[in-house]
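Take a look at the structure set out below.
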Amino acid sequence: MKINTFEELLTKCSIDKKKIHVIIEEKESAQHEISREDVRLKTKKILDAMKQAISSGLGSAELSLSRQSGDDCQKLQQRFTVRPSLFGSLFEKITTYALATSEENIRMGRIVACPTAGSCGIVPSVLVASSEFLGVDEQRQIDALITAGAIGSIVANKTALAGAVGGCQAECGVASAMAAGGLVVLLGGSNEQVVQSVSLALKNILGLTCDPVAGLVEIPCVKRNSFLAVHAVTAAELAISCVESKIPADEVVDALVQTGQLMSPLLKETSQGGLAKTKRGIEIEKGIFG
């Protein structure tokens, strides 16, 4: 059975009476002619790379070549030592981990594109920080990451996960949905709640533009990772509480595709509109490129 939609995924899970990650493991195992254990080992390598990117990012304040980004994670960590976050220690972890990973990307460090480099901080920050906070073992972390990957893959069946095609709703937006679904797994939620979290995350980020200043994946991309990581947690919390989206996940994806098609090319990674063409955005571009 092909799994191209969330409806097909839930149907397969229901028929086989299995969790999403098991269905995906079996599918990947058959498709690539490897064992399920090998699928999990490959996922573990990805998880380890995410954790290493977080660790490297937390310990560095090196600026990017443009000198516009790279030290915000250090600023945030220092602030939290003076006054804790109003939202508590998990919020501190998620926001700093998201910045740490995203800043590793703009330093040309090793990151996991999940689903893209510009949105690389969202899934790792939510899954790793939440696992540490909740005391979740590595096997369930792998379950969550496989589930998150399945979410990104299903959305990618309908649209390219690129800002140049669908705006940042297709990058940070989809990353947020992936993180939300993975977090539901960490929290012990059902397959249906995973998919509900996808609907809730995606439908509340429709229309997000991709308007990088000076054409670089820095402003507003780096800080956007922290915002959308928190967005993912909100979606997961709602879904795990049995709050449902009135619009099914597959229809939300259809709306995302339509929104991307209707969006002006000026707002899809061309740096010809939005924040990129504000007075300050133009000044920054001239300062970098002359």
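The values are calculated or read from the model by the stated rules, or taken from the named source; none is laboratory data. All values reported here derive from a predicted model rather than from experimental measurement. When we count neighbours, we look across all protein chains shown, and the Cβ atoms used for this are built from the backbone with ideal geometry, even at glycine.
Answer yes if at least one residue in region 187-197 is out of contact with any Cys (no Cβ under 7 Å at 6 or more places or on another chain), in contact (Cβ under 8 Å) with a residue 24 or more places away in the chain, crowded, with 24+ Cβ neighbours inside 10 Å and more than 17 Å from residue 248 (Cβ to Cβ), and no otherwise. The answer is no, given that none of the residues of region 187-197 is out of contact with any Cys (no Cβ under 7 Å at 6 or more places or on another chain), in contact (Cβ under 8 Å) with a residue 24 or more places away in the chain, crowded, with 24+ Cβ neighbours inside 10 Å and more than 17 Å from residue 248 (Cβ to Cβ). Residue count for region 95-121 under the criterion of being under 15 Å from residue 52 (Cα atoms), assigned to a helix (DSSP H, G or I) and among the hydrophobic types (A, V, I, L, M, F, W, C): the result is 3.
The residue that is surrounded by the fewest Cβ atoms within 10 Å (Cβ to Cβ), counting only those in region 122-143 that are on the phi < 0 side of the Ramachandran plot and part of a loop (DSSP other than H, G, I, E, B), is 137. Checking region 47-56 against the condition returns a match, with at least one residue being of a type in the set (Gly, Ala, Ser), within 30 Å of residue 158 (Cβ to Cβ), touching a residue at least 24 places away in the same chain (Cβ under 8 Å) and in a helix (DSSP H, G or I). Checked against the criterion of being modelled with pLDDT of 95 or more and touching a Lys or Arg at 6+ places or on another chain (Cβ under 6 Å), the candidates 164, 148, 214, 180 yield just one match: 164. Would you check if there is a residue in region 91-99 being over 12 Å from the mean Cα position of the chain (by Cα), closer than 18 Å to residue 201 by Cβ and surrounded by fewer than 24 Cβ atoms within 10 Å (Cβ to Cβ)? Yes, region 91-99 contains at least one residue that is over 12 Å from the mean Cα position of the chain (by Cα), closer than 18 Å to residue 201 by Cβ and surrounded by fewer than 24 Cβ atoms within 10 Å (Cβ to Cβ).
Residues considered: 251, 237. Of these, the only one that is within 17 Å of residue 180 (Cα to Cα) and out of contact with any Cys (no Cβ under 6 Å at 6 or more places or on another chain) is 237. State which residue pairs qualify: first residue of a type in the set (Ser, Thr, Tyr) and inside region 167-184, second residue part of a helix (DSSP H, G or I) in any location, beta carbons under 8 Å apart, and separation of 6 or more residues or different chains. Every condition considered, the pairs that remain are 176/122; 176/201; 176/202; 176/228; 176/229; 176/231; 176/232; 176/235. Being part of a helix (DSSP H, G or I) and out of contact with any Asp or Glu (no Cβ under 8 Å at 6 or more places or on another chain) is a property that residue 252 has.
Which count do you get for residues in region 128-152 that are of a type in the set (A, V, I, L, M, F, W, C) and farther than 19 Å from residue 39 by Cα?
The qualifying residues number 5.
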